[in-house]
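Q: Below is the structure I would like to discuss, written out as structure tokens.
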Amino acid sequence: MKDVKKRSLPVNSASTSSIDFTGPNGPKPKRVFSTRNIVVYGFLILAAMYYLLPLYVMVVTSLKGMPEIRMGNIFSPPMEITFEPWVKAWDSACTGLYCEGLKVGFWNSVQILIPSTVISIVIASVNGYALSFWRFKGSEIFFTILLFGAFIPYQVLIYPLVIILRETGLFSSLAGVTLVHVIFGMPILTLLFRNYFASVPVELFKAARVDGAGFWRIFGQIMLPMSLPIFIVAIIIQITGIWNDFLFGVIYAGTKNFPMTVQLNNIVNSTQGVKEYNVNMAATLLTAALPLFVYFVSGKLFVRGIAAGAVKG
Amino acid sequence: MSSVSINDLSLSFGNVEVLKSLNLDVAEGEFLVLLGPSGCGKSTLLNCIAGLLDVSAGQIFINGKNVTWEEPKDRGIGMVFQSYALYPQMTVEKNLSFGLRVARLPKDEIRKRIDRAAEILQIQELLKRKPAALSGGQRQRVAIGRALVRDVDVFLFDEPLSNLDAKLRTDLRVELKRLHQRLGNTMIYVTHDQIEALTLADRIAIMKDGLIQQLDSPKTIYNRPDNRFVAGFIGSPGMNFIQGSLAFIDDSWFFQSRDLSVSLATYPFTQQPIEGAPVEFGLRPEHVLIGQNVADLPVQLNLDIELVEPMGADTVAWSQLSGTSFTLRVDSDTALSSGQRILAGFDPVRASVFLSDSGIRL
Amino acid sequence: MFRNLHSKIAALPMIATALFIFVGCSLWSVFYSFTSSRSLPVEKFVGFDQYIRLFKSSRWAISIENVAIYGVCSLVFSLSVGFLLAVFLDQKIRFENTFRTIFLYPFALSFIVTGLVWQWILNQNFGIQKVIQDLGFEGFELNILSNRDYAIYAIVVAGLWQGTGLVMALMLAGLRGIDEDIWKAARVDGIPAWRTYLFIVIPMMRPVFVTTLVLIAAGIVKVYDLVVALTGGGPGVSSEVPAKYVYDYMFGRGSLGQGLAASTVMLTTVLIILIPWGYMEFGERREKKKPASE
């Protein structure tokens, strides 16, 4: 093809002769330290420092001993690294009444998280599928009510729910708080799945119907296998949302079953005893570990999740 | 003097070379069309001319001025985009005047230019409307108007008609041609639609892989394509290509293939042919004739019709020749049916012969 | 009735939640806010007494004032800073992913964690105040956590730290959704970047702004955990917020009717925000259905 290249250059010397070929040639030179770059990167770096500072302070504080904390300042790196605060936070920090550390709360949170996530996603995915392909009279009205439900301040609903749970014997139990999470996760998750299934070509659904498949068979054999990404988004929303919950845990779980966030707050804000800031920060980091892990692993999917999950408020 | 000159222009994104040391001269008042398949670099080239992309090497001149490092607004160009790119929250009038107001032109001058553009494009009644209230064709007119009010010498069009439906596309094509006749500006127009290219252009530059394959008038491009790619790209249905080789018999060159031997005595060779070289013999479907006319033609052959496609104005018939499919285009009044054997003929002067390996025209 | 039976069965949890929880429980709360219920709900109606008591309460007045301060500051700063961050990230910069990850990670954290970290950073004995005093600025004071007038601003700072990343992410998605040709057209027209943002891009992003605004507003009304973790409503009641008022009266003080009245006021406020927005959204959609005539 070499020759083609040569031939393709138009020979038009008559017109080019009048042009002065000196002057700018090639890419426009760019200065690394242009005003624009300084402003842009300066602003971004300053902002990044503001966002990173608390994380940094948490980490260094949790690795210091109390004497060092009393002497030094919160930004200085630890002179002697100690993991004792972490051990204490996990194993023996006091919440005022008990001195069992965060581990109890951790396992409570796990026991709340897993069933809440699974049940809410199962229900919401089926709902979203029904709302996309099997509309019935009134289905959109129920959905609209559900969506508006996402904006109702929880404070309006918490007491009636206390009564419902008390009547059904679920109050002050892990099952009770799980049920509450399922209820409040439903609007946003249903919206998520409905929007996803709405983007699935309806021809696919029609073809399956023509082949004689019914409601559950189409869901299980056609829709489920193709919706893995949206399930992951839903899982991300639920894990961070449920793990970070405080209000439902403190109201519905009961003292024995307090999730990690509630225990963390009780440890740090307990009025008894000497404040151990290093243990507090280690406890805070331990509580933050799971959502942070999910965030850093999931990357772009997390962004997609929060864009949808933001409705949850 | 040429209006736009491109000198050894290259552009790479990372390791991908999108434009490869390209040269191009556009004469003043010329309508030049950049045509090619998607990914050939035609839009990239246009964006470089507009100053929307920074080049990797080479120079760009507009009206004799080196604008390689200039901002788009200082290059003396106006541009029209495929998606119209109208500012949706502004009325048509504001859309037209925004750039001028930013440049702090006097009010009456802005008024004058808008009135002129509105008159030329017949959009006077639309001035107070917002883009959302306009049809696709009206939006594109406003987009052209935005280029028009800039009072520039060079207009750049980036697939301006691709978002419109077929009927509207035809109408606007004619309007564009009229606009060019009236204004006489230099226009550079990117499209992948060969009909647009053939109807609008003074010259067409056919691009592939960041290179200009041929730069010529539509007629030359169509009838005497420089290489196999150009020949195959232009024309619908496409040119027939028959594989064969060249032979020198009795002081005369011949094209030989399984079913066909053609004397190339009258063929206008542009390069010295080589004996035995594998070549492709290209023939446009409409240059194959049937019926009474065949008798006078230098080459005659029998064809078995396999399929007939009536297209309205004419009919395309499919056959086989030397192991490849062979189409011919005949008047729609001609009675043809599949399975029929017909006598056809053509004049080798209208054919194109390409070297098989390099694709170059002989 | 039996058409789509499976679908109806599958949607039962949704229907039950929508009707019994969201509608039913809301009505229950509104209903009992007109009673004199103390520790347990009783059907003894007292008219608007609970509301009168509520609006005479100085603690409620402080709560309202605080949520207003928190709300205005959150809206103004998270929208402006979030948009600005998004704009800077949109300048084809290097390390865009790193920056985005940094700005957004606080959003993965709970309000409890957020509150506790900032409580530590703003600690008057060891926090920023001490660090700056140690640098030689001995007169420097930043003990806003123990200052009645400024405690709410500590909550604002912490809340912004946690939530601005979300606004940034939504705005960035909005910016990326703008047709590339619009930018090209503006450059050819010679419109400077800041003017393009101000007069072309921001108007085009109106739906993104409205949605973000509604999301932030809904979050503002609900703010609770952050206050509990950061200030506990103190010093005194100086950083109380309505959501905490409701909780304290319902569970802490055994004054259910009062708590329900406060929650009903919250619900009404949300509806006032939500209904015009819903009307706009659906009104616009209806408009869009009408195609522009050729």
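Q: Using a 10 Å cut-off around each Cβ of peptide B:136-143, what is the average number of partner chain Cβ atoms that fall inside?
A: 1
Q: Tell me the relative contact order for the range B:240-355 as a rounded percent, counting alpha carbon contacts under 8 Å between residues six or more apart.
A: Averaging sequence separation for qualifying contacts and normalising by length gives 32 percent for the range B:240-355.
Q: Now for a separate question. For chain B, what percent of Cα pairs sit more than 39 Å apart?
A: That fraction is 30 percent.
Q: Next question. With label points built 7 Å along Cα→Cβ from the Cα atoms of A:Y56 and B:N163, find their separation and express it in nm.
A: 4.7 nm
Q: For a test of the definition: using alpha carbon positions, the gyration tensor, and the 1.5 limit on a/c, classify the range A:103-310 as rounded, prolate or oblate.
A: Values: a/c = 2.67, a/b = 1.81, b/c = 1.48.
Judged from the Cα gyration tensor, the range A:103-310 comes out prolate (a/c at least 1.5, a/b above b/c).
Q: So what does C:W183 come to for accessible area, using a 1.4 Å probe and Å² rounded to 10?
A: That residue has around 60 Å² of solvent-accessible surface.
Q: I'd like the accessible area for B:H192: 1.4 Å probe, protein heavy atoms, all chains in place, Å² to the nearest 10.
A: 100 Å²
Q: Looking at the square roots a ≥ b ≥ c of the eigenvalues of the Cα gyration tensor of the range C:79-240, which shape do they give, rounded for a/c under 1.5, prolate if a/b is larger than b/c, or oblate?
A: Taking the square roots of the gyration eigenvalues as a ≥ b ≥ c, the range C:79-240 is prolate.
Q: Quote the FRET efficiency, to the nearest 0.05, computed for C:F20 versus B:E175 with a Förster distance R0 of 56 Å and r equal to the Cβ-Cβ distance. Don't skip to the end; give the middle numbers.
A: Details: r = 63 Å, r/R0 = 1.13.
After rounding, the FRET efficiency stands at 0.35.
Q: Same structure again: Indicate, rounded to the nearest 5 percent, the antiparallel portion of the DSSP beta bridges found entirely in the protein assembly as shown. Let's see the in-between values first.
A: Numbers: 61 of 79 bridges.
For the protein assembly as shown, the DSSP antiparallel bridge percentage is about 75.
Q: Right, something else. Which three extents, in angstrom, do the Cα atoms of the range B:223-362 have along their principal axes, listed largest first?
A: Answer, in whole Å and largest first: 42, 31, 24 Å.
Q: Over chain A, what is the relative contact order in percent, taking alpha-carbon pairs closer than 8 angstrom and at least six residues apart?
A: 28 percent
Q: Please tell me the relative contact order of the range C:79-240 in percent, rounded to the nearest whole number, where contacts are Cα pairs under 8 Å and at least six residues apart.
A: Numbers: 160 pairs, mean separation 57.3, N = 162.
Reported as a whole number, the value is 35 percent.
Q: Using DSSP, restrict attention to beta bridges with both residues in chain B and report what percent are antiparallel, rounded to the nearest 5.
A: 75 percent
Q: Applying a 10 Å radius around every beta-carbon, put C:203-214, B:31-42 in order of their mean neighbour count, most first. Before the final figure, lay out each step's value.
A: On the way: C:203-214: 17.0, B:31-42: 21.8.
Peptide ranking by packing, descending: B:31-42, C:203-214.
Q: Would you rank C:K44, B:K130 by solvent-accessible area, highest first, keeping every protein chain in place and using a 1.4 Å probe?
A: C:K44, B:K130
Q: For A:E84 paired with A:I38, estimate the spin-label separation in nm (one decimal), with each label point 7 Å from Cα along the Cα-to-Cβ line.
A: The answer from the label model is 4.9 nm.
Q: Per-residue counts of other Cβ atoms within 10 Å, averaged by peptide: what ranking do you get for B:134-144, B:177-187, highest first?
A: B:134-144, B:177-187
Q: Measuring from centroid to centroid over Cα atoms, what is the spacing of the range C:71-130 and the range B:242-321 in Å?
A: 74 Å
Q: Right, something else. Considering only protein heavy atoms, with the full assembly of protein chains and a 1.4 angstrom probe, order C:W194, A:W90 by accessible area, largest first.
A: C:W194, A:W90
Q: Residues of C:87-99, mean number of Cβ from any other protein chain within 10 Å of their own Cβ, rounded to a whole number? Intermediate values should be presented prior to the final figure.
A: Values: counts 2, 7, 3, 0, 6, 1, 4, 1, 4, 1, 2, 2, 6.
Per residue, the number of nearby Cβ atoms from other chains is 3 on average.
Q: Right, here's the next one. Given a 1.4 Å probe and heavy atoms of the protein chains only, how would you sort A:I119, B:I123, C:I102, largest accessible area at the top?
A: A:I119, C:I102, B:I123
Q: Now for a separate question. What's the center-to-center distance, using Cα atoms, between the range A:280-298 and the range A:95-109 in Å?
A: If you average the Cα positions of each part, the centres end up 17 Å apart.
Q: Can you list, by residue number, the Cys in the protein assembly as shown that have no neighbouring cysteine C-beta under 4.7 Å?
A: B:C40, B:C48, C:C25, C:C73
Q: Now for a different question. If you split all Cα-Cα distances of the protein assembly as shown into 20 Å bins from zero, what percentages do you get per bin, shortest first?
A: Bin by bin from 0 Å, the calculated values are 11, 31, 29, 20, 8, 1, 0.
Q: Under the definition of partner shielding as Cβ atoms of other protein chains within 10 Å of a residue Cβ, what is the mean value for peptide C:54-60?
A: Mean partner-chain Cβ count within 10 Å for C:54-60: 0.
Q: Going down the table (B:K20/C:K92; A:K256/C:K44; B:K107/C:K184; A:K256/A:K300; A:K300/C:K92), which pairs top 27 Å between alpha carbons?
A: A:K256/C:K44; A:K256/A:K300
Q: Sorted by average packing, counted as other Cβ atoms within 10 angstrom per residue and highest first, what order do C:122-133, A:37-48 take? Could you put the intermediate results ahead of the total?
A: Numbers: C:122-133: 17.7, A:37-48: 14.9.
Those peptides, ordered most packed to least, come out C:122-133, A:37-48.
Q: Let me ask something additional. Can you say what percent of the DSSP beta bridges in the range B:91-215, counting only those with both residues inside, are antiparallel? Round to 5.
A: So the antiparallel bridges amount to about 45 percent of the total.
Q: Turning to a different aspect of this structure: Ignoring ligands and nucleic acids, what accessible area does A:V182 show with a 1.4 Å probe (Å², nearest 10)?
A: Ignoring ligands and nucleic acids, A:V182 comes out at about 10 Å².
The values are calculated or read from the model by the stated rules, or taken from the named source; none is laboratory data. No experiment lies behind these values; they were computed from the predicted model shown. A quick note on method: Cβ atoms are made from the backbone with ideal geometry, for glycine too, and the neighbour counts reach across all protein chains shown. Areas reflect the complete protein model, heavy atoms only, side chains present, ligands, DNA and RNA absent. Shrake-Rupley method; radii C 1.70, N 1.55, O 1.52, S 1.80 Å.
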